[in-house]
Structure formats: structure tokens, C-alpha cells
Amino acid sequence: MHNELKLFPREIKGQMSERTQKLLKIYYQTLSSVDNEFPYWYSRKYFELDNEVAAVRRAQALKEAFSHLTAVIFPGELIVMQKTMHYRGSFAMPWLSEGYFMSKEDEFYQASLKRGSTSADQHSKMGSGGGNVTKSFGKVVSIAGKFGIREEEMPALLELARMWYGKSVDDLGNKYEKMVPGYDCKEKIMRSLVCMFDSGYTLPQGREVINYYYPLQYGFDGLIKIASDKMSEVAGFANGDGMVGMNRLYNYQAIKLVLEGVQAWILNYAKEAKRLEHIENDLDQKQEYQEIYENLQWIAYHPPRSFKEALQLCWTLHIAVLNEDAISGLSLGRLGQVLYPYYENDLRNGKIIEEQVIELLELQRLKFTCVDCFASMGVVGGVLSGNTFNNLSIGGTDKDGRDASNTLEMLMLEAGIRCPTPQPTLSLLYDDKLDDEFLLKAVQSVKTGTGYPAFMNNRVAMEFLLEQYRNENMNIEEARAWSIGGCLETSPCSWMPLKINSDPKTYYIPGGSGQPTSVGVHFVSLPKVLELVLFDGVDQRTSESVLEKHNRKLNSYDELLATFKDYFSKIVELLVRCNNIQHDIWRKNNMAIFNSLLKPDCLSKGHLINELGYRYNATFNIETTGTINLINSLASLKKNIYDEKRMTLDELKWAIKNNCGYKTAESINSYSLMDQVKIADTEGVTRRELEHFEEIHSLLMKAPKYGNSEEYVDSILKDWEDWFTGMCRNYQSLYGHPLYACQISVSTHGAMGAVTSATPDGRLAGTTFADGSLSAYPGTDKNGPFALMNSATCFDHSRSQNTQLNFKLHPMAIAGNSGSKKLLELIRGYMRRGGFHLQFNVVDTNMLKDAQKHPENYRDLLVRVAGFTQYWVEIGKNIQDEVIARTEYGEM
Amino acid sequence: MKNKTQYHYRDTLNYAPVDVVKGIDLITKSLVKADDLAPPEYELLPKCKFCKHFSSGANSNYKGSCLGFAKPFLAYPDMIAKTCSSYIKNEHE
Amino acid sequence: MSMSEDLALIFDVQGYSVHDGPGLRTTIFFSGCPLSCLWCSNPEGMLFKKRIMYNALHCKLCLKCNERCILLEKNCKDCQLLSCVEACPHQALRVCGKHYSINDLMRIFRRDRPFWGAEGGVTFSGGEPLLQEKFLHQILTECNKTHIHTAIETSAYMENCDDFLDIMEHVDFAFIDVKAMNEEKHRKLTSVSNKIILRNIRDLARCQKEKIRSEKLVLRYPVIPGMNDDDQNVEALIDFMQETELKVINILPFHSMGSSKYDLLNLNYEFKDLLFPSIEERAGQMANIAEKFAAKKIQCFIGSETLF
């Protein structure tokens, strides 16, 4: 979602601390680095324990890995520990998948290419800037397109990977998914990029909210004792459950082992801090190491007593969960509400002051920004754009339905303003009950141009949750606890009763209690499915027949739509079955143990994620991309072919085959609509043909487009939403619960657009789809933002886990206090109409300058001034210069 | 333990690896290159290549075996052994 | 002058206008204006007719427009059929100006209303909304009936003062431009006299005084370098405000955002080759002018700072 850092000097209040600046400077120079420590010790132990009970075997391997990680502390840090020894470190997990980081010549890689599990990689490009190691150099080998590993470690990694060949979730899962009838078709679906990726072995967890409660409440020793006691309590008892009742003994044993492993990891860091304290000469730094040592030494065993200890513990828990599995989108939830009791206590007792807290929060931001996720390039580059989506939610309502925002959250906003970094991103759970001061602070943050916070609708989310989780007894009180998982996934959470120090009060803090979401069926490209419909199942890029011919003439709009739904349903059903198997293999051998123990009700029930130990398991969903291009295309087909008969279907298909007379995006190396170039009539096409293409293309472009509050198109959107959100519930996850709709694009609109032909809405081959799910296609929303919002809210957003709408605003439109209030009004208006999500890109001078150099990235940038609106790219350079200068001055 | 030999920074104890090519010298606090030589008195970082139990591979500079636990397993010279309970420094160093 | 009571010629409808009144607003831009300000940022609204905008960058010289044209003498100037525009496959031609009925506008307002917030509403601008007075009167009445907050951006150039006041009766908020106090200068800059403008403002101010707070009327002074930014003009303006007991003014720094539209309309933009004073100089100038107003106890807002 976010690009690399940009600094926006104008509306920032205050600067980040010097300490943060120094550490941030290191980040800017850091390369994404991979090493073998974790996979080495994990594999070594795992293979030693052949035949052990699965959960225990995994737990032993995890414990071995955690307790062997080399502790590294960087001078100046106050919050310490990271996933590996490196500043931005990660590692491979060959027990999940090993194909993608092999060299291209390697047989494993070739095999995974064939089954389409790496096809996304070929179409995803990492930005070559920042910390990405896109090419090997010196002693560093580039793997998975973005990560650097020492050549000294590479052969061992490959050897480790080979040990897992045939045993990884990827391989084993594949063996069994081949048993699904029509499996060949699934491979074709993946290869053609009708679907973007599988999650069972790439990112089996994530898009969920973590729960920090249990270690905060009991401490590690407390939890180990609970596990031990429970072991004695349940040993030998089935408790009425003949299937998995007995597993509780092994599960508690597993829990105990992993706790010991993480505890050992923390103690290694404590030891390192002590060692550094000894050899340090600078008195201040010495003191800092000492404090770090004391914090770690304490939280390795006991519940935290102070804000600093709690913050450190929460960070440690977060990276422990991140290390346990391949996981992207492990969100912090409402950390500000979790830590508030500690903060408030410390403040009251004079143990801490606000400025210290802000600095700690800045440092925490930096820590999260350094989090890398080692997954395949297609996943990391194509889907995630390198982001790891550690989302921090603020606001919402509390257990009793009141405004839950607090002063610590205000400080988190302040830290986000002073230290603009991609992580953690901020999500404001908007409710009419929220305090104006809080909301306006959030608007201030939006104005700095970082894009956070995004705004999500509290009530709409609650409605969705109550419906989806009703079979698991979700009630209103529980529904209020929700937060955003991943970037935009409404996730079920619960209230946990926290007590701290000797404070008699019980604080109800929210935390995640649900399984990963956005697992199930990933990113089905709707425009690509439409292409298959038009061409009887044949992928126009590869000429491969992906789906069985439908053999229909498509003589009416209804027939067309019915065929689309058929194809879509077939694709979904096949993907559900295959993904269910992959996830099933995952849960048999690679179940989460640490993450499980953190979430209710695993610890009390004695069952982990794989045995429905979580409170909410109905989390699997079906994701789509390119919704708006589909809708616009359907509108164009309806108007041009069926209603007004301005062209025949064959003519349209012929135009699409020829990219409406344009060269391919690939051949000109640009995927932006602005750059597309027409074929000259010397290149094998006649003048007559070119003219015909032009005519057709013009009609396609002129057909009604979404975002203008036009019934013709909006009704198509509404019908689609009603049908899609309804049909999801016909499919079941491996956990026996119905699926639901998820509508966000992350970055798939780029990668999937790249392999899709021209579409009937006038979009050209290879170019990017409209982003999000409800953003208008660039340049087509001509009736202003209110009309766009009206179109966007033409259907019930609560039937889907999410919807996504990105807005670009010029800073002049929201300048000053009145500008802030107006932006808030706009947000309110959209939320009141039932819109679920809004995100703002505020474009300022830096961006305008960039837009001058790279107008292809700013096709849809509107410069709004009193009097009229103009597309930036249509303003001549000299005026652009003037505008840039004006923007700096701040007045129009 | 003082050594007259000079090691690369990445083989020394008081080096915090920022990434695969550079890190921080924890004594001077400066940013240094992983493959540069550290001052002579810098302490050695336990690594498999310095360990008694490490047996180098026949065909590869970068792979070998670890005989330090009950069951032998893959090992590689550059692996850090700071947290390894079986690490014993090879006196030939 | 107006087409008929039932339809108005409007060249733009903008949502999320933040500088055209309190709250969030939808702004309606009426075609046609009695003035011809040299710096006008909405040249497409100057004339009371549909205009074509031609974008040379998109044009591929296919001449399909020419083929479709049904005029016998190909004299574009007065053509209102504009059949060439539809024919262009490259979106090089665009029409500015469309007819809307009262119902059309009310439909738009109903669509936008949920997003205006408590203080927002509709602003009538242009061009000059007063030019289509009958329609304007009707739409204002409709807005009043449905409790929609109304604002207007106007030059106050209207012959019949009673008619002017009648219209303003229905307006909740008004921005009125005063381009220059000196009659001759005003003609030079806008091609019309400022006599009736000033008279209308005086009368309006007097009516206001008898009824409500003065924030209902805000004067606007677009500061055009080298044209109306001299000390005499400022002083004359201050005197005028003191005389009429108006307390609020909004001074607008000059901008040339509309200049690209001149090319699209094939018009000449006076300021095309002018060198403007730097940002700092302009900021300084605004501040100086603001000080002068402040010294006489007149509230002065610069640019986008508004009293909202």
C-alpha cells in the first residue's frame, strides 16, 4: 500500500527524536538480509524427532530454533530484538515451500513453475530501490527477487531445502490436491493468473489480529505453569471427545515447549545486553544496556510492570509469532487500548512523561518498518509490494459501546506524524461516537501525506461480523472488540480481562481471537474471467485453453452474465477444494503453536488452531480483483452490443485480440494507460483496420462508467455484489464454515492487469486495473467525489469483509483548520452512507515534482482549485512549475 | 581471549550485523564492512568453522558436517555458534 | 437575459468545493458573464453559449470532426449544434456548457446532500449566475423550500437593483467581487463599469444591516499584480467598506491555474508571458494589504483561509 518513505515538511508538527533519526538512517541503508539460523536448527531437530506426535515434534523444532537465534542489539535502541540477527532480517521456511528460492535452472523451480505456484513471480517486479537486493553482487546472492544472502550460506540453504523436498506443505499439499477432479484446470488457472497465489504454503497465517493478553496477564512462567498443570489435569482423559480429546495432553506439552523456546530467546538477548553493558565505556549507553537487560530479564519470566516493559513484551510476542510461520498481515490490533493501563499508571506515578512515550512509539514504528517477510517474489512483489501490513487500529467502541479512543492513541498518531514510516500503518475505526479532537488529530496525520490513517466503518464491520460469526456465538459485545487484520481485513476479536501490578481495577482489552483471514481463495481476476468468457475459455496471452469451452453464443446480456457466473463459480469451487487441502496439510504438520496459545480459547480448551481451538474459525474468504473494470466492461458490453447494437460481439473480440490498435504494454515497457502507443499503419495493419479499431475503442471508452452516480452502471455493480457476496456462502472451508467475500486489491491490480487483454471498458492490454475495489478507473469519475461516493454506496458493504476506496486530494482542498473540518465531514458523509473504507492520498509539492518527472504514475491526479478541477497531466509544464511554487506558498 | 590474528568483522564477537554486507563495530560504534579486517585484538565470534566438531565437506567450501550432537547433521563453516551448547573452539586456530 | 425559465446553461458542476462557502458544497457554474476579466480562470464560462475545448495533444488530425460537421459554411463561431464533438474518437474535443432543468439540479443536490455535512450546501457561481436570473430565482426558491443552504459567487452586476435584492433575499451567503474601485480602471480590466456593482453592494449592505449579521456578505478582492494592487485602490476599497459598514473581506492572491484552458479554447491569455513576482513577494504583498484592512478594523482573510 505504501511506497517508500517521503518526507512532508509542511504540515508536520515537531520532528522525530535524534535517536530515532540515527536509527532510521541505518534503516535507509539496510539491505533485506536472509540467513539460515532458524531453518537450520528447526530442520535439525525436526528430522531428529522422526515419528513424534506432530504438535510436539513441531514444538520441539520451534524451541530449538528460537533458543539458538543469535542475539544482536544495536547501540541506541531502546526497544530491542528483531526476527533474526539482521536489522531487516528474515529466513526461508523450506518446510512450507522450497521451490521459489532455488535458482531458475533448478528442477524444483521448474516443477513449481509448471504447477503455477511461481507464475506470479514472472510478472512481478520489485522496485529496485531501497533495501531490495534484486541482483547478486560481491559475496551476496539475490534470492526470491528481493533478498540478499551470503554466498557462504547459500549451499547450506539449498541442502536444507532438499531435505524437505516432498515433505513441505507445498509438495505434500500438491500431491493431494492433484486428487481433486479437474486439478489440471487448477494449474492452468494459476499459470494464466486468473488466480494470483495459494496461501497454504506461502502465507498460511496473517490478515489477522494478534492477542497480547496472556503473557501480559500471566507472564511466561505463569503460562508455563498453566500448561504444566493442564497437562496433569487432562492426561488420559478424552473428555467426551473421542476424536481429539486426548490430543490436549500433547497440545499442552507443545505449548510448554514453545514457551520455553521463546523464553530462552529473550534470555539470550538479556545475556547479550549484559555483555554489552560490561564492555561499554560510554556511561549513558552503559546505563541503557543495563536497563534493557533488566527489562528483558524481567519479562522473560513475569508479567510486565511498566509501559516500557509492556511495550517491549508486546514487540517480542509479535516477532515470535512472525518467526513461527510465514505470515504477512499480523496486525497489532488496538495496541493503544491494550497498553493504556500501563501508560496511565506510569504517568500517574511520575514514572514516565509524554515525550518519552512518543519517542518509544517512534522507535516502535521503526522496528515494525524493519520487518521483512520472506516469501516468493510473486507474493512479496506482486501482491504485497514489499509491505508486511502490521496494522495498528485506533478508535472503535469499547465493550460497553462507548468511544474507545484514548490519549495514548493520540500519542500514537503524533508519533506517526513525526516519524512517517510505512509500518505500522494506522486504521481508524470510525464511529459517530468518537471524539472530535481525536478525529481531527487523525485528519492532521492524513494531511502529512503518508496515507494513514485509513478510515474504516465501525458499524458496518460489526454488522458483517455478527452475520458471519453468528454460528460461533458472536454477540454485540464481542463484535465491538474487532480490529483490522492485514491491510483491510475485518477480523473477529474479544475482550480480555487484564489486571496490572496491584491495581484492583480490571481492564477489558481487545485482542484477536480469530483464525487468519484472506486464506481460502485468493485474488480471482474478474477481468481475466471475463476474457475467458468472451473467448470460450482460452487465455489470450498464452493461447492455452484454461476452462472448458462454454460453447454459448452469448446472444443476450443475460446469457453473458450467466456464463460469467458459471465460469466464476467453477473457478471458485476448484480453488476452494485445492486450497482446503493445502491448508489441511499445513494444519496437520505446521500448526501454529505460539500463535495458538495467545488466542482464546486455545489455552483453556487445550486445542490449537488445527483443532478449532480458536474462538472464531469462520474466517476463510474469496478475494477478487478488478471489480470496477469488470463492472465497466459489463456496462460497455450491455450498451454497445446488446442495448444499442453499435457493434457485434465478434467485432469487439477482434478489437480486443488486436489491443484496439495499440502496441502491447510489454513491448513499450510501460503499464500505464497514458503511455500506450498506437500501431502505425506500416506495421502489418491496414489504415482501414486502424480506423475501425479507433471507432470501436472510442465507443468502449464512451460507454457509461462507474463512479458517476449513474443508475445504468451502478445497478450492474449492485447486482454483482448481491450475487457475489451471496454465492460465497455456498462454499465451506476445511474448518467446516462458510466462506465470505473479500474485496481489496493490495497490489494485484498491477500484476494481474499485466497479463490481461484489453477489456470491453476500453482499458488496454497489460495496463493496471482500477485499484482497491471501489476506486473509479482513473479519469472516468467525472462528476466529483460526491457522485463517486454515491456510486460506491449503492450496495450493502456489510455483506463483504471489506471494500476499498482510495481518494486523491490536493493539500489546498484540506488546508488549515477549516480544511481539516471539511475532510472530516467528507469522511462522516461516506461512513453514514454505509461506506466501509476510505483512504486519502494527499498530493503535495514533492509529489507534484515527481509527477512532473513521471506523469505516467499520476494519470488520475486532480488538482482541485476554487473554480475548476484540472488533471495534472493536462497542465503544461510552465503552469505545473507555477503550481508547484504556488503549492509551496500555500495559497490559491 | 586475545588473538594476534586479524579476523574479518563478521567473524568477530563485537560486531552487530546490520545486513549481509555491513554492520556496526560495537566498540567504536561506527558502520563497518562485514568483509573488512577488524583490529587485531578483536575477540573471535564462535562459528562452526572454528569448532572442534566441524568436519568440512569434501566437495564444498561452504558445507560440512556437525558431529557435536548425538546425530550428525549438515553444518556450514560460516554458521554462528554463539548459542550452540556443543561449541568447542578448535585449538588449531 | 435567459434562455427560458425551464433551462439554464451551465458549464460545470463541482462537488467537494471547499472555498465556496461554509461546509462541503456543490458548486454550479453558470455560463455567460457581463464582465470579461483579463485574468478570468473560467474562460469557458465567459460567453453565454456552449464552447468547444480542443486539446491538440490528443488530436490525431483524422478530420472525422470535419466530416461530421453539417454547417454549410463551416463557421464554427456561432454553432451550437456541435455535432463534431461526438465524432472525435480521440477525446480531443469537449463541450463546455449543457442545459439543466430545475429537476436536473435538484437531482444532483439530492445525490450530494448526504455528504455536505451540517453546514454545507450549494454555491452558484460561473460565469455570472445573475445573468440567468429567472432560473436562478427558481432554483434558489426550491433550495429554500428544501432547507438547502445557498451561497453565491457574483460580480453583483445587475441593472435592476430591486431584482438584485430580490434574488439576494433567497441567498444565505454571498461572495461579491470588487475588481477595482476606480471606474476607468475597472473598465480596462473587466470591460464594464463598476457603477452598478458598487450601487448594488451599497443597497445590499444597507438591507443587511437592517436585518442580520454581516457575515452573510463577504467582499472578495482578487489582487492582480500591476493591475489593481496599487495603494489607491486598496484605500478606496477600505473607504468603501467603512462607508457601507461591511466588516469582512477575502483577498485572493492571483493564480494562473486557468491559463491552460485558454489554449484549449483558442483564446489569448493576457498573462501568458508575464513574469510574476515571486512567492515571497506575493506573500509579503498580501500581508501588507491585510494589515491595512486590519488597521481599519476590517476582518481580512487571505486566500483559502476563510471564516469557516
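Readers should treat all values here as calculations from the given coordinates under stated rules, not as data from a laboratory. Everything numeric here is computed off the predicted structure, so don't read it as measured data. Because the Cβ atoms are built from the backbone with ideal geometry, glycine has one as well, and the counts that use them run over all protein chains shown.
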Residue by residue, what Karplus-based ³J(HN,Hα) values in Hz, rounded to whole numbers, does the stretch A:64-76 have, using 6.51, -1.76 and 1.60 with θ = phi - 60° and x for Gly and Pro? 4, 5, 4, 6, 9, 5, 6, 7, 10, 10, 9, x, x
Amide H contacts under 5 Å for A:N841, placed H, 5+ residues apart: A:F807, A:K808, A:L809
Put in order of increasing Cβ neighbours within 10 Å, starting from the fewest, C:H99, A:H737 give C:H99, A:H737
Unsatisfied cross-links (Cα-Cα over 20 Å) in the set A:K63/A:K256; A:K702/A:K808; A:K167/A:K588: A:K702/A:K808
Neighbour-count order for A:Y735, A:Y557, A:Y87, fewest beta carbons within 10 angstrom listed first: A:Y557, A:Y735, A:Y87
Could you tell me the relative contact order of the stretch A:520-804? Use alpha-carbon pairs under 8 Å, at least six residues apart, and round to a whole percent. 24
For the protein assembly as shown, average projected area of the Cα convex hull in nm²: 52.9
Under the definition of partner shielding as Cβ atoms of other protein chains within 10 Å of a residue Cβ, what is the mean value for peptide C:149-162? 0
Charge tally in the Cβ shell below 13 Å around A:R646, where Lys, Arg are +1 and Asp, Glu are -1, A:R646 excluded: -1
Shielding of A:785-796 by partners, i.e. mean partner chain Cβ atoms within 10 Å per residue? 4
Average beta carbon contacts from partner chains per residue of A:84-92, 10 Å cutoff: 3
Could you give the distance between the Cα centres of the stretch A:688-722 and the stretch A:779-813, to the whole Å? 18
Which percent, nearest 5, of DSSP beta bridges in chain A are antiparallel? 45
Give me the percent of Cα-Cα pairs in the stretch A:541-598 that sit more than 19 Å apart, rounded to a whole number. 57
Note, ³J(HN,Hα) from phi for the stretch C:158-167, Karplus 6.51, -1.76, 1.60, rounded to Hz, x at Gly and Pro: 8, 4, 8, 5, 4, 4, 4, 5, 4, 4
Across the stretch C:1-141, how large is the tail of the calculated P(r) beyond 18 Å, expressed as a percent of all Cα pairs? 62
Full-stretch length increase - A:K782, A:E573 - with 0.36 nm per residue and alpha-carbon distance subtracted: 71.4 nm
Reachable lysines from A:K505, criterion Cα separation under 27 angstrom, eight or more residues apart if same chain: A:K225, A:K308, A:K351, A:K399, A:K433, A:K599, A:K605
Sort A:W164, A:W723 so the one with the fewest other Cβ atoms within 10 Å of its own Cβ comes first. A:W723, A:W164
Once the Cα atoms of the stretch C:52-94 are picked out, what are the Rg and Dmax in Å? 9.9, 28
When the convex hull of its Cα atoms is projected in every direction, mean area for chain B (nm²): 6.4
Can you give me the long-range amide H partners of B:C51? Hydrogens built in the peptide plane at 1.01 Å from N, cutoff under 5 Å, separation of 5 or more residues or another chain. B:N90
Stretched fully, the stretch from C:A294 through C:K134 gains (0.36 nm per residue minus C-alpha distance, one decimal, in nm) 53.7 nm
Return the whole-Å distance between the Cα centroid of the stretch A:305-320 and the Cα centroid of the stretch A:566-611. 28
Separation in nanometres of the label points that stand 7 Å from Cα toward Cβ, at A:E559 and A:E18: 7.7
At 222 nm, what value in deg cm²/dmol follows for the protein assembly as shown if DSSP H runs of at least 4 each add -39500 (n - 2.57) and the sum is divided by all its residues, to the nearest 500? -12000 deg cm²/dmol
Cα-only Rg/Rh for the stretch B:46-93 with Kirkwood Rh rounds to 0.93
Among residues other than A:D221 whose Cβ falls under 12 Å from its Cβ, what is the net charge (Lys/Arg +1, Asp/Glu -1)? +1
Computed over the stretch C:52-94: relative contact order in percent, which uses C-alpha pairs under 8 Å that are six or more apart: 62
Rel. contact order, % - alpha carbon contacts under 8 angstrom, at least six apart, chain A: 14
Summing +1 per Lys or Arg and -1 per Asp or Glu among the other residues with Cβ less than 11 Å from A:V141's Cβ gives 0
Against the 2.2 N^0.38 Å rule of thumb, the C-alpha Rg of the stretch A:520-804 sits at a ratio of 1.11
Cleavage-rule hits (chymotrypsin sites (Phe, Trp or Tyr not before Pro)) in the stretch A:314-377: DSSP loop, at most 10 neighbouring Cβ within 10 angstrom: none
Note the angle between two axes, namely the Cα long axis of helix A:458-468 and the longest principal axis of the Cα atoms of chain A, as a number of degrees from 0 to 90, rounded to the nearest 10. 90
For chain B, listing trypsin sites (Lys or Arg not before Pro) in a DSSP loop whose Cβ sees at most 11 other Cβ atoms within 10 Å gives B:K2, B:K4
